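The values are calculated or read from the model by the stated rules, or taken from the named source; none is laboratory data. Being a predicted model, the structure only gives us computed values, none of them experimental. As a convention, Cβ positions derive from the backbone with ideal geometry for all residues, glycine included, and neighbour counts pool all protein chains shown.
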Amino acid sequence: MKLRTRPRVGAAVAAALALALGLSACGTASGGGSDAETEELKELGDPEGEVSLLAWPGYVEDGSNDPEADWVTPFEKETGCKVNAQTYGTSDEAFNLMKQGGIDVVAASGDLSLRLIAAGDVQPINNDLVPNYENVYDFLKNRDWNSKDGKNYGVPHGYGANLLMYNKKEFDKAPTSWDVVFDKSDEHKGKITAYDSPIYIADAAVYLMKHQPDLGIKNPYSLDEKQLDAAVELLKKQKPNVAEYWSDYLKSLQGFENGSVVAGTGWQVTMNELDPKKFGAVVPDEGTTGWSDTWMVSSDSEHPTCSYKWLDYMASPKGSAAATEYFGEAPNNPGACEEAKDPKFCDTYHAGDEKYAEGIWYWTTPVTECLDGRSDVKCTDYSAWTKAWQQIKG
Amino acid sequence: MRIPTPVKAVLSVIVCAVLAFVYIPLIIVVISSFNASQSLGWPPQSFTFEWWVRAFSDKGALSALGTSLIVAACATLIALVLGTLASLALDRFEFFGKEAVNLLIVLPIALPGIITGIALNNAFTTMLGWRLGLLTVITAHATFCIVTIYNNVFARMRRMSGNLRDAAMDLGADSFTTFRLVTFPQLRSALLAGGLLAFGLSFDEIIVTQFTAGTGVQTLPIWIFDNMFRPNQAPIVNVIATFLVIVSIIPITLANRIGGKAATGVA
Amino acid sequence: MSHASRTKVRLPAPPVTASRRLSSFFGKHRRLSLTALLAAPLAWLVLIYIISLLLLLVTAFWSTDSFTGQVVQEWTLGNFGAVFTEALYRAVTVRTLIIAVSVTVIDVVIALPVGYFMSKVAGPRLRGALVVAFLMPLWAAYLVKAYAWRTIVSPHGLLDSLGISPGLGLVATIITMSYIWLPYVVMPVYTGFERIPDNLIEAAGDLGAKGWKTFTAVIIPLVWPSVIAGSIFSFSLTLGDYIAVQIVGGSQQLLGTLIYANVGTGGNMPLAAATAFIPIAVIVIYLTAVRRTGALKNL
């Protein structure tokens, strides 16, 4: 008997939860603020002795994966907050884990942060309680993916760009346009590479913004159906010339190294492993996509002081240098350049280069409510992008 | 038995070719573990012991190895009990729905791992509201390991005559004592063979594990999955794989020897 | 002497213990003892596995909230509609089946001579060594093996330097999967050959059957259930794979890739569940078709 009732109770709870979420989503869509909003912290107390973090692999390292990479131990010694770290594999997984509770701080990518804010799972940040926040690059502050209605919701981790990588044997001059992987990809038949994720559709949209202005794309993460179709068409034309889509660092590195690909999306960390005499990486004139993840504090955190300490540590020159240099991305503040192991660290990743950073469209979750301010049309959401991406790959 | 010599020769050549097919990729893995290049490129560039040294001080890998051993051992243990019970029932009794029970035992291995994975993930997290962890992985692994035990034990029992068991019962042993002193010793090698297969199945399982382990539990295949794509870590993964292949000789040989002896001695 | 003593000695009456009472109780109530044996394994499989599968089926009729990614419990046929009408799913299903069938055929063709050699030609020592040799690769991690094949088939790889590389793609996927699943097919086939008594084959020979005739008319039918058993492994493992294909498949998608993307990046469990019913249907059809061969008892 017990066994028969259990699923029903579970279903009822799930239905109630879904209903509540549905309502809160509607509330957001209609423009009103979510009623689940929490107040920002007024002052810090004594450190609570522990803090649990949820982050991408490689963001919170205590030396157990690589003895050289350890920025948790210094933090623990300094603040007396013991770190419990968990990693997640996809933004959806992180979203569900946050719902389950027990986590104080989460490192959220652009396709997660807005959802967390809307659902009331994270609290606004009192910048005065994060002394190091002042030093964070201005161009990373109060952006679409880390703030709402002018309120700051987190501290940036680091940032990076999806670069156009190329083999110098095939290109005498550095390419200045993404057209080498789109309209001119025929010239390198079967030797193009691209990032294997629905979010890559935004790369096509960035290209279309410049090359088909009549489509009226204002923000590559905010595409109505017609605009999405145009991006999909572009990517379908690119597909026959793609050697392979890559989703991990090793695959893209191997592709360039063994010559099976000569041009396509790559990361700076990949470029670092390659011979700069043979390969190059640029941000083309159209601009590019990239990422800037955000450390956010859970709205039901039981360790707010330690949470703020971690945010402050991640914005400190030392903490930021250690974490971002290991991951292979630009740090969030200029002081980190001095602390990095590699003296050329900041030059390599163009840290602080405002023009470079301005050319980046940071990953943001596409949602039905258009991010570019249009209210007369509905935009395509991430699940539509996922379906489109499957169609493109065929 | 009379098998013509040319046939034997042809078969030998085929077996040698297949062995080459099986071992060449493994040799590449071994070579890569000494290759100074980090991208697993070919041909290898220069020789280094660095990855081997680093692998054995890699706390993450070692703790993942420990987790994998715990998961595989627990899953095998559960499967041993459930699989043996099921095979006893199906061997000794005729009943309505026997075919269906047989199909039910086979199903978790016959359906692709991703289906088992998402079905269990869905049930654990939404229906039961459990947090994914060690317990959920062990549960999932035990489910698809039952069949290996069941089939080995069932096949052995088919070959065993019931006479010994009947004799023991006639001599006054109760059915538990009979199982302990007569049936079990005859089954020992089948249990060992099935158990080893179950252990191996669980140890290298990645798809079901990805969906049932959550974030807190890192088995060795999951650790490999997370590290294969990180800078500096890919060659260490090769070291671990080489190490596992070498170490696996011990249990396999042991099982083979015990299994072989028992098979000739009893059945 | 011994004969005489056996008649004289009287066995002492066994002590009456709790386990004995229980045992005789079960002896008298066969239904109950069957229930006692089956209760635990059946409960485990039905409560954990079958209910999960049914729940997955139910989920396939629900939809998700596009913003939060949470499942919304409104009945819809939309997911199945998408899966059965979209050309993408048809194309990927066909591709997956081609790969699964090719992998299975390759593995069976390899396993037959190898299994026959191991059980009927090789001596006990060599046989033992070969069993170890074919089981050992199982312990080299799956991902590592897939990456090793990537090294072999990529440009400038081992095969490419010999000028015979298929490159990344469909063929590489078939080779790699045949490789990874080979031990799962070789082992049951070998056991199948082991079970055929030598004297049976000799009898066939004595009755006038020629070598090849013996093989096709006597040996193959006997070993067939084991071949089918092995094929269930290679077939089902290929049908659900999404990792190896990502490593060596170029930009191919398989059914596993679609399911994984639907649930992972898409966060759309209902659509993933609907997609999952393609391989479930394929496997159920396959199992029903081969059930009569007795293969299910040989896994």
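In segment B:133-160, which residue that is within 10 Å of another protein chain (Cβ to nearest Cβ) and surrounded by fewer than 22 Cβ atoms within 10 Å (Cβ to Cβ) is modelled with the lowest pLDDT?
If we take residues in segment B:133-160 being within 10 Å of another protein chain (Cβ to nearest Cβ) and surrounded by fewer than 22 Cβ atoms within 10 Å (Cβ to Cβ), then B:ARG159 is modelled with the lowest pLDDT.
Looking at C:ALA111, is it of a type in the set (A, V, I, L, M, F, W, C) and touching a Lys or Arg at 6+ places or on another chain (Cβ under 9 Å)?
Spelling it out, it is not the case that C:ALA111 is of a type in the set (A, V, I, L, M, F, W, C) and touching a Lys or Arg at 6+ places or on another chain (Cβ under 9 Å).
If I go through segment A:235-269 residue by residue, how many of them are within 23 Å of the chain's Cα centre (by Cα), of a type in the set (Gly, Ala, Ser) and assigned to a helix (DSSP H, G or I)?
1
Taking the conditions exactly as written (closer than 27 Å to B:VAL101 by Cβ and touching a Leu at 6+ places or on another chain (Cβ under 9 Å)), does B:THR76 satisfy them or not?
Yes.
Here are the criteria: (1) surrounded by fewer than 21 Cβ atoms within 10 Å (Cβ to Cβ); (2) at pLDDT 80 or above; (3) over 16 Å from the mean Cα position of the chain (by Cα); (4) small (Gly, Ala, Ser). Tell me which single one C:ALA274 does not satisfy.
Among (1) surrounded by fewer than 21 Cβ atoms within 10 Å (Cβ to Cβ); (2) at pLDDT 80 or above; (3) over 16 Å from the mean Cα position of the chain (by Cα); (4) small (Gly, Ala, Ser), the lone unmet condition for C:ALA274 is (1).
Which one of B:THR116, B:THR5, B:THR67 is more than 30 Å from A:ASP275 (Cβ to Cβ) and facing another protein chain (nearest Cβ under 10 Å)?
The conditions single out B:THR116.
Just to be sure, is C:LEU135 in a helix (DSSP H, G or I), within 11 Å of chain B (Cβ to nearest Cβ), touching a residue at least 24 places away in the same chain (Cβ under 8 Å) and surrounded by fewer than 23 Cβ atoms within 10 Å (Cβ to Cβ)?
Working: in a helix (DSSP H, G or I): yes; within 11 Å of chain B (Cβ to nearest Cβ): yes; touching a residue at least 24 places away in the same chain (Cβ under 8 Å): yes; surrounded by fewer than 23 Cβ atoms within 10 Å (Cβ to Cβ): yes.
For C:LEU135, the condition - in a helix (DSSP H, G or I), within 11 Å of chain B (Cβ to nearest Cβ), touching a residue at least 24 places away in the same chain (Cβ under 8 Å) and surrounded by fewer than 23 Cβ atoms within 10 Å (Cβ to Cβ) - is met.
If you scan segment A:201-233, which residues turn out to be surrounded by 20 or more Cβ atoms within 10 Å (Cβ to Cβ) and in contact with a strand residue (DSSP E or B) (Cβ under 8 Å, 6 or more places away or on another chain)?
Of everything in segment A:201-233, those that are surrounded by 20 or more Cβ atoms within 10 Å (Cβ to Cβ) and in contact with a strand residue (DSSP E or B) (Cβ under 8 Å, 6 or more places away or on another chain) turn out to be A:ALA202, A:ASP203, A:VAL206, A:ASN219, A:PRO220, A:TYR221, A:SER222, A:LEU223.
If I go through segment A:122-173 residue by residue, how many of them are free of Cβ contacts under 8 Å to residues at least 24 places away in the same chain and surrounded by 23 or more Cβ atoms within 10 Å (Cβ to Cβ)?
Number satisfying all stated conditions: 0.
I'd like the full set of residues that are facing another protein chain (nearest Cβ under 7 Å), touching a strand residue (DSSP E or B) at 6+ places or on another chain (Cβ under 8 Å) and surrounded by fewer than 21 Cβ atoms within 10 Å (Cβ to Cβ), limited to segment A:45-96.
Within segment A:45-96, A:PRO57, A:GLN86, A:THR87 qualify.
Got a sec? Which of C:SER226, C:SER165, C:SER236 is outside any helix (DSSP H, G or I) and either at pLDDT below 85 or within 11 Å of another protein chain (Cβ to nearest Cβ) (or both)? If you could, list the steps in order and put the result at the bottom.
Details: C:SER226 fails: outside any helix (DSSP H, G or I); C:SER236 fails: outside any helix (DSSP H, G or I).
Exactly one of C:SER226, C:SER165, C:SER236 is outside any helix (DSSP H, G or I) and either at pLDDT below 85 or within 11 Å of another protein chain (Cβ to nearest Cβ) (or both), namely C:SER165.
Looking at A:ALA336, A:ALA263, A:ALA340, which is the one that is farther than 23 Å from A:GLY58 by Cα and crowded, with 20+ Cβ neighbours inside 10 Å?
Of A:ALA336, A:ALA263, A:ALA340, the one residue that is farther than 23 Å from A:GLY58 by Cα and crowded, with 20+ Cβ neighbours inside 10 Å is A:ALA263.
Going through C:THR93, C:THR59, C:THR64 one at a time, which residue ends up being crowded, with 17+ Cβ neighbours inside 10 Å and facing chain B (nearest Cβ under 8 Å)?
Sole residue among the options that is crowded, with 17+ Cβ neighbours inside 10 Å and facing chain B (nearest Cβ under 8 Å): C:THR59.
So A:ILE103 fits all but one of (1) within 14 Å of the chain's Cα centre (by Cα); (2) buried (at least 21 other Cβ atoms within 10 Å of the Cβ); (3) not basic (Lys, Arg); what number is the exception?
(1)
Condition test on C:ALA100, is it facing another protein chain (nearest Cβ under 10 Å), free of Cβ contacts under 8 Å to residues at least 24 places away in the same chain and closer than 27 Å to B:PRO221 by Cα?
Judged against the criteria, C:ALA100 is not a match.
Within segment B:42-64, can you find the residues that are in contact with a strand residue (DSSP E or B) (Cβ under 8 Å, 6 or more places away or on another chain) and within 14 Å of chain A (Cβ to nearest Cβ)?
Matches in segment B:42-64: B:PRO44, B:GLN45.
If you check A:THR288 against the conditions, is it β-branched (Val, Ile, Thr) and within 14 Å of another protein chain (Cβ to nearest Cβ)?
no
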